[in-house]
Structure formats: C-alpha cells, structure tokens
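Colleague: Below you'll find the structure I mean.
Every number in this text was worked out from the coordinates using simple rules, so none of it is lab data. Worth saying up front: this structure is predicted, and the values here are computed from it rather than measured. Here Cβ is always computed from backbone atoms with ideal geometry, including for glycine, and neighbour counts include all displayed protein chains.
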Amino acid sequence: QCAIDPKSIVTDACTSYAALDTLNADIAPSLHDLTEATDFFSYYRLNLFQKTCPFWADESAQCGNRACVVDTIENEQDIPEIWRAEELSKLEGLKAKHPGRQQQKERPKQRPLQYQLGENVDESCVLEDDDECDTRDYCVPEDEGAAAKGDYVSLVHNPERFTGYAGESAQMVWNAIYKENCFTSQAPAAARTASNKDLAAKSLLTVFQDYSRNQLDSSTEESLDLFDPAILDDQCVEQRAFYRIISGMHTSISTHLCYDYLNQTTGEWFHNTTCYRERLHKHPERLSNLYFNYALVTRALVKLRRHLEHYTFCSGDPEQDFSTKQKVLQLTSTLASSPTTFDESLLFKTDLSLKDDFKNRFRNVSRIMDCVGCERCRLWGKVQTAGYGAALKILFEFDETKNGENPHLRRTELVALHSLDALKWFRAAIAEEDAQNAKVATDKK
Ligand code: FAD
C-alpha cells in the first residue's frame, strides 16, 4: 500500500495516501456536482478533428468502433447562449479591441481592460486564446474562445471509458509520450531548446523514427520497460516528476476504461476487476503515480484560490454563475484546509533551463494527442493534458502575490481530480474477491 518512490515529492507515503483518500471522500460530492451539473465545467471546446498528427502519418490508425466516437454538439441552441458563435460575433466590436499578447503584457500601463471590453462584459466571457503558446504555457492551447474553430462537446455525455482502441496505433502514441521523458542523451538538444513548434515537432519526429526502428519489433512491455522508474534511479527530481505525471495520466486512463468496460458479447457496461487487476493492482507504482498527480492538481487549485475569488464563471446565466462560483470556492476552501502533500518548491531549484526543457516536453505530449486514432480517447487525452498543463503553469509560473499577470483558468482544471473514486471501488472489489478466493482455498483444504 505504501510502495512509493523514496525520492517522491508526495511526502510521507502512508500518511499522504490516506490523507488524499480522505480528502477525495470529502470533496467527491461537491466535485461531482460541479463537473456534472454546471455548464461551465461540463461543456468543453476543443480542436478535435481539425489538427493532423504532427509527428507521423498513420491513416490506418483510425478506430472504427462506435465507442470511439464523440458526440459533438451540432445544434447551437444546445450550447449556453454566451458561447454561441452568433453571440460571440455580436461582441466583434469588443473583440476587435481585445488586447493581443504583447498588449496584455503591457496591460498595467493601459486603461483597465473592463473599459476596453465594455462595462458589463467580463474578460473571461470573451477572452480569445491565441494559437500561439504563451511562454508560460505547458500545453498547446485548444482555442477555447475562437468562434470559428473547434467543436463543443459535453463531457457529461461523452464519458471517458472503454473504447476498444488498442494495438499498434495506441502503442505508438504511448511510446512517443514516454519518449518525451528522456531528458538526457537520448533526446536531441533541439527538443530541449526548441522555441518554435516546427523545430520541436521535427526533432521529436526524428527521435520517434529512431526509436520505432529500434523498438517497434519488440513487445510493448519491453519497449516501455526502458522507461521503468527502477532503472531511472539516477534521474533528477524534475525528470522523475515528469515521468510520474505521464504514468499517472496513463493510470487514470486505464482506471476509467476498466471501470466503464464493455462486454462486447452482451453489450453491457460493467466494472472490470480483471482489467484493473492486470493493468494496475499488480503495479503499485502506477497507482502511486496517480496519487502523485492528485496531490499536484490539488496543490495547484489551492494556489489558485485567491485568484478564483475574483474570477467570473461565465455561462450567461447569472444565477448559475453565482452558484458555480460558490461551489468552486467551497471546494478550494476544503482543499486548502487539508495538509499539503505536494511541495513544488523542490523542483527547478538549481537549473532553470531545465524548466524550459520540461515545459517543451510537456507541450510535445499535448501535441502527441493529435495522433490518437480514437476520437473519444483523443478528447480525454486532450482534456487531461490541458488539465495537467494548467496545473503545472499554476505551480511554476503563477505568483500568488500578484493579480494582473497571472494565467487565467480554463474549464479543464478540475477534470484530473476524478479518478480516485474509481480506485476506491476497485480496491473494495479486489479485497472482497481476494477474501472469497482465500475462503474457497481454505474450504478445499
Ligand atoms: P497500454 O495501456 O497500451 O500500455 C502499454 C504499456 O505501457 C504496458 O504494457 C506497460 O508496459 C506500460 N504501462 C501501462 N500503464 C502504465 C502506467 N500507468 N505507467 C507506466 N507504464 C505503464 N482506451 C480506451 O478504451 N478508452 C480510452 O479512453 C482510451 N484513451 C486513450 C488515450 C490515449 C492518449 C492513448 C494513447 C490510449 C488510450 N486508450 C484508451 C488505449 C489504452 O490506453 C491502451 O493503449 C489499450 O487499452 C491497450 O492496452 P495495453 O494492455 O496494450 O496497455
């Protein structure tokens, strides 16, 4: 239960796991209420189909199962009014005056933003995310506010679950993601210093081709063992953190797909304990990495608390916006009163260039999501990388003492907090199964 890496940044393994479980139980009802019942958190806008995989061409990678499909919202009437294209176009005049990145940097010298946007329009209702990365971003923006780009999806109607996506395509994506963890000699210097997308993309492609030549004929298990934490003992703490974030994300995906698994013969959805046992229960370090991520996101939300007090949750319905805000503040206040389990000050203490390296690599992970050949998996892969990317941005780029220049919150930040609920169910089921098996064994004797 307490098998956690000694270099872990989640302090005092046993206490922390228990503390995170308790915290999860405390916040589960309000988190569920927020993500399932508020427009702000249940609708998500992203580029699901428009981008092509920047790293390899693989037309055969498309998943044909019905379960891989995402139901996008075709009818504008189903989207809260404030986000409809027609509404956004009414704001054209205001958007035209909206400051670009450069101007935003200089904002304190300018007139307050509210005067530029109009008196009753809050920044969060119209803010356009440019295609270009902010230098503080840890992932590629999904053009949340751009009326002409992207699709709206309801996260509630497209839950993360078993899709049947597997085989070479999924393996290539996981391999490429874990390959980003090679901070040392295996990775090209270009990827570490790349400041523009193309350079980073090209360098990753080179690594990938090199890697696939050497690895794809061996089994997945073997190729990914290259990145097993046990052989990375000499890694710096930042590299270990990077590994744990992606492994924790992998755990989260596996947990959800086992929890909502399709019996392809009967067509019934069920909680698949065998799937959980094989993929996760036998690998405590994978579970520990999920906890690591939970601690990381929790800490980021606590750090964001003051900023959220002045944030407008814009869905166009003032009553709902007020209630969303109350719920978020209640959640962050519960999180803030729990013991701190993640200490971000331990990272990037000595080598600041490592931070850019880390950031570029995480951005690449977010770009790799465009290579996922299953729409539903791509959706959740993007939502999760956006969530972790935001958490990293808050932890490492956000200054609690300043208001004006801090990054703004996207609607995805909370999504990564879901997974521990499913773990709780599986733990109980496995304990029961084991007890029954033990009883059968004793009875036989
Ligand atoms: P995989 O999960 O593909 O893992 C490959 C190898 O990675 C394993 O053999 C093991 O060596 C290593 N590994 C596994 N877990 C970890 C971990 N936590 N930490 C470190 N190493 C690990 N399928 C769905 O049904 N629904 C989804 O929503 C979904 N989303 C996906 C999103 C992305 C971004 C990707 C790349 C794939 C997604 N898939 C999804 C596919 C799914 O993740 C698996 O790839 C697929 O089920 C095949 O599983 P597998 O048993 O081959 O092992």
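Colleague: Can you tell me the FRET efficiency between Val156 and His310 if r is taken as the Cβ-Cβ distance and R0 is 25 Å, rounded to the nearest 0.05?
Modeller: Working: r = 28 Å, r/R0 = 1.10.
E(calc), rounded to 0.05, equals 0.35.
Colleague: Moving on. Taking 0.36 nm per intervening residue step and subtracting the Cα-Cα distance, what contour gain separates Asp351 from Glu168 on full extension? Display every interim value, and only then the final one.
Modeller: On the way: separation 183, 0.36 × 183 = 65.88 nm, distance 3.71 nm.
Gain on extension, Asp351 to Glu168, equals 62.2 nm.
Colleague: Taking neighbour Cβ counts within 10 Å as the exposure measure, how do Ser333, Ser16 sort from fewest upward?
Modeller: Ranking Ser333, Ser16 by Cβ neighbours within 10 Å, fewest first, gives Ser333, Ser16.
Colleague: Next question. If you place +1 on the Cβ of every Lys and Arg, -1 on the Cβ of every Asp and Glu, and leave all else neutral, what size is the dipole of the stretch 286-404 about its Cα centre, to the nearest 20 Debye? Write down the numbers at each step before the final one.
Modeller: On the way: 18 positive and 14 negative charges, 63 e Å.
Here the size comes out at about 300 debye.
Colleague: Go ahead and collect, in residue order, the members of the stretch 17-39 whose backbone nitrogen is under 20 Å from a label point 7 Å along the Cα-Cβ direction of Arg427.
Modeller: 17-32
Colleague: Sticking with this structure for a sec: If each residue of separation counts as 0.36 nm, what is the full-extension length gain between Gln264 and Ile73 once their alpha-carbon separation is subtracted?
Modeller: Answer, rounded to one decimal: 66.1 nm.
Colleague: Evaluate the distance, in nm, between pseudo-label points positioned 7 Å from the Cα of Ser333 and of Ala441 along their respective Cα→Cβ axes.
Modeller: Inter-label distance under the simple model: 5.0 nm.
Colleague: Between His283 and His32, what length comes free when the chain is fully extended (0.36 nm per residue of separation minus the Cα-Cα distance, one decimal in nm)?
Modeller: My answer for the length gained is 87.6 nm.
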